[in-house]
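Peer 1: One structure is given below, represented as C-alpha coordinates, and several questions about it will come after.
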Ligand SMILES: [Zn+2]
(Lines give C-alpha, C1' and ligand atoms only; values in the text may rest on other atoms or scores of the structure.)
Protein backbone atom coordinates (compact mmCIF):
# COMPACT_ATOMS: atom_id res chain seq x y z
CA UNK A 1 0.00 0.00 0.00
CA UNK A 2 1.35 3.42 -0.91
CA UNK A 3 1.29 5.78 2.09
CA UNK A 4 -0.90 8.87 1.72
CA UNK A 5 0.59 12.07 0.34
CA UNK A 6 0.07 15.20 2.43
CA UNK A 7 -0.27 18.78 1.35
CA UNK A 8 2.52 20.59 3.18
CA UNK A 9 2.63 24.35 3.72
CA UNK A 10 5.76 25.80 5.29
CA UNK A 11 5.01 28.74 7.60
CA UNK A 12 7.19 31.15 9.55
CA UNK A 13 5.87 31.95 13.01
CA UNK A 14 8.21 34.72 14.15
CA UNK A 15 11.97 34.85 14.44
CA UNK A 16 14.65 35.61 16.98
CA UNK A 17 18.03 37.31 17.04
CA UNK A 18 21.03 35.24 17.96
CA UNK A 19 24.77 35.52 17.25
CA UNK A 20 25.54 33.38 14.20
CA UNK A 21 28.55 31.93 16.05
CA UNK A 22 26.24 30.18 18.54
CA UNK A 23 24.74 28.13 15.70
CA UNK A 24 27.69 27.69 13.35
CA UNK A 25 31.30 27.07 14.33
CA UNK A 26 33.37 29.98 13.05
CA UNK A 27 30.24 32.06 12.35
CA UNK A 28 29.95 35.79 12.98
CA UNK A 29 29.36 37.24 16.45
CA UNK A 30 26.81 39.66 15.00
CA UNK A 31 23.22 38.84 15.83
CA UNK A 32 21.39 37.35 12.86
CA UNK A 33 17.71 36.66 12.38
CA UNK A 34 16.69 33.02 12.85
CA UNK A 35 13.20 32.26 11.48
CA UNK A 36 10.98 29.91 13.48
CA UNK A 37 9.55 27.59 10.83
CA UNK A 38 6.48 25.46 11.28
CA UNK A 39 4.35 23.57 8.80
CA UNK A 40 0.68 22.97 8.22
CA UNK A 41 0.26 19.38 7.09
CA UNK A 42 -3.05 18.52 5.45
CA UNK A 43 -3.51 14.77 5.71
CA UNK A 44 -6.18 13.37 3.35
CA UNK A 45 -8.07 11.46 6.07
CA UNK A 46 -6.67 12.67 9.41
CA UNK A 47 -7.17 16.35 8.56
CA UNK A 48 -4.95 19.30 9.45
CA UNK A 49 -1.88 18.82 11.64
CA UNK A 50 0.98 21.11 12.60
CA UNK A 51 4.69 20.45 12.72
CA UNK A 52 5.74 22.54 15.77
CA UNK A 53 4.09 25.88 16.47
CA UNK A 54 6.88 28.47 16.35
CA UNK A 55 6.42 31.63 18.42
CA UNK A 56 3.09 32.83 19.72
CA UNK A 57 1.90 35.69 21.98
CA UNK A 58 2.00 33.10 24.81
CA UNK A 59 5.81 33.31 24.62
CA UNK A 60 5.69 36.98 25.67
CA UNK A 61 3.16 36.21 28.42
CA UNK A 62 5.30 33.47 29.91
CA UNK A 63 8.58 35.41 29.70
CA UNK A 64 7.27 38.57 31.35
CA UNK A 65 8.54 37.56 34.81
CA UNK A 66 11.91 36.40 36.13
CA UNK A 67 13.69 34.09 35.61
CA UNK A 68 11.84 33.37 32.33
CA UNK A 69 12.48 36.96 31.24
CA UNK A 70 16.13 36.05 30.80
CA UNK A 71 15.13 33.79 27.87
CA UNK A 72 13.39 36.70 26.09
CA UNK A 73 16.30 39.06 26.77
CA UNK A 74 19.00 36.73 25.47
CA UNK A 75 17.07 35.79 22.30
CA UNK A 76 14.98 38.84 21.33
CA UNK A 77 11.87 37.64 19.49
CA UNK A 78 9.98 39.33 16.65
CA UNK A 79 6.45 38.17 15.97
CA UNK A 80 4.17 40.01 13.53
CA UNK A 81 0.48 40.29 14.31
CA UNK A 82 -0.43 37.77 11.63
CA UNK A 83 2.49 35.43 12.19
CA UNK A 84 1.31 33.08 14.97
CA UNK A 85 0.41 29.71 13.46
CA UNK A 86 -3.08 29.97 15.02
CA UNK A 87 -3.62 33.11 12.90
CA UNK A 88 -1.95 31.91 9.71
CA UNK A 89 -4.13 28.81 9.37
CA UNK A 90 -7.14 31.07 8.79
CA UNK A 91 -5.76 31.56 5.26
CA UNK A 92 -6.58 27.92 4.73
CA UNK A 93 -10.09 28.33 6.13
CA UNK A 94 -9.05 26.69 9.40
CA UNK A 95 -9.41 27.66 13.05
CA UNK A 96 -7.38 26.35 16.03
CA UNK A 97 -10.04 23.73 16.84
CA UNK A 98 -9.64 22.21 13.36
CA UNK A 99 -6.04 21.23 14.08
CA UNK A 100 -6.16 17.51 14.90
CA UNK A 101 -2.65 17.26 16.23
CA UNK A 102 0.61 19.11 16.80
CA UNK A 103 3.72 17.05 16.07
CA UNK A 104 6.41 18.37 18.41
CA UNK A 105 10.09 18.12 17.45
CA UNK A 106 11.14 19.02 21.00
CA UNK A 107 9.99 21.25 23.82
CA UNK A 108 12.19 24.34 23.43
CA UNK A 109 10.12 27.51 23.77
CA UNK A 110 10.46 28.52 20.12
CA UNK A 111 8.89 25.22 19.01
CA UNK A 112 5.99 24.91 21.44
CA UNK A 113 5.02 28.50 22.31
CA UNK A 114 1.76 28.08 20.37
CA UNK A 115 0.55 24.96 22.21
CA UNK A 116 -1.90 26.94 24.42
CA UNK A 117 -3.60 28.11 21.20
CA UNK A 118 -4.58 24.52 20.23
CA UNK A 119 -6.37 23.19 23.31
CA UNK A 120 -8.02 20.28 21.52
CA UNK A 121 -5.15 18.96 19.41
CA UNK A 122 -3.45 15.67 20.13
CA UNK A 123 0.19 16.20 21.04
CA UNK A 124 2.53 13.87 19.16
CA UNK A 125 5.81 14.04 21.04
CA UNK A 126 8.61 12.16 22.77
CA UNK A 127 7.69 10.92 26.23
CA UNK A 128 11.27 11.70 27.27
CA UNK A 129 10.83 15.34 26.21
CA UNK A 130 7.47 15.82 27.90
CA UNK A 131 8.69 14.17 31.12
CA UNK A 132 11.68 16.48 31.23
CA UNK A 133 9.52 19.57 30.61
CA UNK A 134 7.22 18.53 33.46
CA UNK A 135 10.08 17.87 35.88
CA UNK A 136 12.41 20.76 35.15
CA UNK A 137 12.49 23.68 37.57
CA UNK A 138 11.96 27.22 36.29
CA UNK A 139 15.62 28.27 36.62
CA UNK A 140 17.10 25.14 35.08
CA UNK A 141 14.38 25.28 32.43
CA UNK A 142 15.39 28.76 31.27
CA UNK A 143 19.01 27.69 31.04
CA UNK A 144 17.96 24.80 28.81
CA UNK A 145 15.51 26.73 26.63
CA UNK A 146 12.46 25.20 28.30
CA UNK A 147 9.47 27.23 29.46
CA UNK A 148 7.21 24.87 31.43
CA UNK A 149 4.58 27.64 31.65
CA UNK A 150 3.79 26.96 27.98
CA UNK A 151 2.79 23.37 28.66
CA UNK A 152 -0.99 22.78 28.73
CA UNK A 153 -2.05 21.23 32.07
CA UNK A 154 -3.70 18.32 30.22
CA UNK A 155 -0.72 17.64 27.92
CA UNK A 156 -0.27 14.04 29.15
CA UNK A 157 -3.89 13.10 28.45
CA UNK A 158 -3.63 14.43 24.89
CA UNK A 159 -0.18 13.01 24.21
CA UNK A 160 0.62 10.32 21.65
CA UNK A 161 4.19 9.27 22.36
CA UNK A 162 6.62 8.58 19.53
CA UNK A 163 8.14 5.84 21.68
CA UNK A 164 4.82 3.94 21.73
CA UNK A 165 4.08 4.03 18.00
CA UNK A 166 4.93 1.05 15.77
CA UNK A 167 8.40 1.18 14.24
CA UNK A 168 8.56 1.11 10.46
CA UNK A 169 11.46 0.94 8.02
CA UNK A 170 12.06 4.31 6.45
CA UNK A 171 12.18 4.76 2.66
CA UNK A 172 15.67 3.98 1.33
CA UNK A 173 16.07 7.63 0.31
CA UNK A 174 16.40 8.50 4.00
CA UNK A 175 19.43 6.27 4.68
CA UNK A 176 21.47 6.31 6.94
CA UNK A 177 18.28 6.79 8.97
CA UNK A 178 16.60 3.41 9.08
CA UNK A 179 13.47 3.38 11.20
CA UNK A 180 10.73 5.76 12.20
CA UNK A 181 7.67 5.82 14.44
CA UNK A 182 4.47 5.49 12.42
CA UNK A 183 2.34 8.26 13.91
CA UNK A 184 -0.99 7.55 12.24
CA UNK A 185 -0.56 3.86 11.47
CA UNK A 186 -0.70 4.40 7.70
CA UNK A 187 3.00 5.07 7.06
CA UNK A 188 2.34 8.65 5.93
CA UNK A 189 3.96 10.48 8.85
CA UNK A 190 7.09 8.93 10.31
CA UNK A 191 8.82 10.48 13.30
CA UNK A 192 12.58 9.98 13.11
CA UNK A 193 14.73 10.17 16.21
CA UNK A 194 17.49 12.76 15.74
CA UNK A 195 19.30 12.70 19.08
CA UNK A 196 21.75 15.19 20.51
CA UNK A 197 20.18 18.64 20.40
CA UNK A 198 18.26 18.03 23.64
CA UNK A 199 16.37 15.26 25.41
CA UNK A 200 13.61 13.82 23.21
CA UNK A 201 14.49 15.49 19.91
CA UNK A 202 12.82 14.02 16.78
CA UNK A 203 12.34 14.89 13.14
CA UNK A 204 9.46 14.05 10.81
CA UNK A 205 9.36 12.46 7.35
CA UNK A 206 6.36 12.99 5.06
CA UNK A 207 5.72 12.85 1.33
CA UNK A 208 4.20 15.84 -0.43
CA UNK A 209 1.75 15.71 -3.35
CA UNK A 210 4.79 15.96 -5.67
CA UNK A 211 5.90 12.60 -4.22
CA UNK A 212 9.08 14.10 -2.80
CA UNK A 213 10.02 13.26 0.76
CA UNK A 214 10.35 16.09 3.25
CA UNK A 215 12.49 15.54 6.30
CA UNK A 216 11.79 18.14 8.97
CA UNK A 217 14.96 18.06 11.05
CA UNK A 218 13.99 20.49 13.83
CA UNK A 219 17.15 21.75 15.52
CA UNK A 220 19.35 18.78 14.56
CA UNK A 221 20.93 21.38 12.26
CA UNK A 222 20.50 25.12 12.32
CA UNK A 223 20.88 25.54 8.58
CA UNK A 224 21.18 23.68 5.29
CA UNK A 225 24.69 25.07 5.07
CA UNK A 226 25.59 23.36 8.35
CA UNK A 227 24.33 20.07 6.85
CA UNK A 228 26.14 20.53 3.51
CA UNK A 229 29.42 21.42 5.25
CA UNK A 230 28.88 19.03 8.18
CA UNK A 231 29.63 22.03 10.35
CA UNK A 232 28.20 21.83 13.87
CA UNK A 233 27.72 24.67 16.34
CA UNK A 234 30.51 25.12 18.89
CA UNK A 235 30.63 22.38 21.52
CA UNK A 236 29.77 25.04 24.10
CA UNK A 237 26.29 25.47 22.57
CA UNK A 238 25.54 21.80 22.00
CA UNK A 239 26.81 20.76 25.45
CA UNK A 240 24.65 23.38 27.14
CA UNK A 241 21.44 22.05 25.59
CA UNK A 242 22.16 18.41 24.88
CA UNK A 243 24.98 16.02 24.04
CA UNK A 244 27.71 17.13 21.67
CA UNK A 245 28.81 13.63 20.59
CA UNK A 246 25.29 12.52 19.67
CA UNK A 247 24.51 15.89 18.03
CA UNK A 248 27.56 15.55 15.81
CA UNK A 249 26.70 11.98 14.87
CA UNK A 250 23.18 13.05 13.87
CA UNK A 251 24.56 15.99 11.86
CA UNK A 252 27.04 13.67 10.12
CA UNK A 253 24.13 11.35 9.19
CA UNK A 254 22.17 14.29 7.77
CA UNK A 255 25.30 15.31 5.86
CA UNK A 256 25.64 11.79 4.44
CA UNK A 257 22.00 11.83 3.35
CA UNK A 258 22.39 15.25 1.71
CA UNK A 259 25.71 14.35 0.05
CA UNK A 260 24.04 11.49 -1.86
CA UNK A 261 22.21 14.16 -3.83
CA UNK A 262 18.82 12.51 -3.62
CA UNK A 263 15.41 14.08 -3.86
CA UNK A 264 14.77 14.49 -0.13
CA UNK A 265 13.93 18.06 0.93
CA UNK A 266 15.65 18.79 4.25
CA UNK A 267 13.97 21.38 6.44
CA UNK A 268 15.87 22.72 9.48
CA UNK A 269 13.58 24.81 11.70
CA UNK A 270 15.69 27.97 11.76
CA UNK A 271 17.28 28.03 8.31
CA UNK A 272 16.97 31.25 6.32
CA UNK A 273 17.56 29.35 3.06
CA UNK A 274 14.78 26.86 3.84
CA UNK A 275 12.58 29.80 4.80
CA UNK A 276 12.71 30.83 1.13
CA UNK A 277 9.93 28.27 0.57
CA UNK A 278 7.66 29.92 3.16
CA UNK A 279 4.31 31.09 1.95
CA UNK A 280 4.07 34.75 2.91
CA UNK A 281 0.77 35.63 4.60
ZN1 LIG B 1 15.86 23.73 20.09
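The values are calculated or read from the model by the stated rules, or taken from the named source; none is laboratory data. Computed from a predicted model, the values in this text were never measured in an experiment. Virtual Cβ from ideal backbone geometry, glycine too; neighbours counted across all protein chains shown.
Peer 1: Identify all residues within region 96-124 that are away from the ligand (no atom under 16 Å from the Cβ) and not in a strand (DSSP E or B); write none if there are none.
Peer 2: Narrowing region 96-124 to residues away from the ligand (no atom under 16 Å from the Cβ): 96-101, 116-124.
Once the filter is applied, which keeps residues that are away from the ligand (no atom under 16 Å from the Cβ) and not in a strand (DSSP E or B), region 96-124 yields 96, 97, 98, 99, 100, 116, 117, 118, 119, 120, 121.
Peer 1: Of the residues 220, 206, only one is more than 16 Å from the ligand (Cβ to nearest atom), at pLDDT 95 or above and crowded, with 20+ Cβ neighbours inside 10 Å; which? Quick ask: steps written out before the conclusion?
Peer 2: Details: 220 fails: more than 16 Å from the ligand (Cβ to nearest atom).
Checking each option against the conditions leaves just 206.
Peer 1: On to the next question. Within region 265-281, how many residues are modelled with pLDDT of 95 or more and surrounded by fewer than 20 Cβ atoms within 10 Å (Cβ to Cβ)?
Peer 2: Total meeting the criteria: 1.
Peer 1: Further, regarding this structure: Please indicate, with yes or no, whether at least one residue in region 40-54 is assigned to a helix (DSSP H, G or I), in contact (Cβ under 8 Å) with a residue 24 or more places away in the chain and within 16 Å of the ligand (Cβ to nearest atom).
Peer 2: Keep residues of region 40-54 that are assigned to a helix (DSSP H, G or I), which gives none.
Scanning region 40-54 turns up no residue that is assigned to a helix (DSSP H, G or I), in contact (Cβ under 8 Å) with a residue 24 or more places away in the chain and within 16 Å of the ligand (Cβ to nearest atom).
Peer 1: Could you tell me which residue of region 181-203 is nearest to the ligand (Cβ to nearest atom), considering only residues that are closer than 19 Å to residue 122 by Cα and without any contact (Cβ under 8 Å) to a residue 60 or more places away in the chain? I'd like the intermediate steps shown before the answer.
Peer 2: Start the filter on region 181-203 by keeping residues that are closer than 19 Å to residue 122 by Cα, which leaves 181-192, 200-203.
Still in the list and also without any contact (Cβ under 8 Å) to a residue 60 or more places away in the chain: 181-182, 185, 190, 192.
On the way: 181: 20, 182: 24, 185: 28, 190: 21, 192: 16 Å.
The selected residue is 192.
Peer 1: Give me a count of the residues in region 226-266 that are in a loop (DSSP other than H, G, I, E, B) and within 15 Å of the ligand (Cβ to nearest atom). Break it down stepwise before answering.
Peer 2: Step one: filter region 226-266 for residues in a loop (DSSP other than H, G, I, E, B), giving 229-234, 242-243, 260-264.
From what's left, within 15 Å of the ligand (Cβ to nearest atom): 232-233, 242-243.
Of the residues in region 226-266, 4 are in a loop (DSSP other than H, G, I, E, B) and within 15 Å of the ligand (Cβ to nearest atom).
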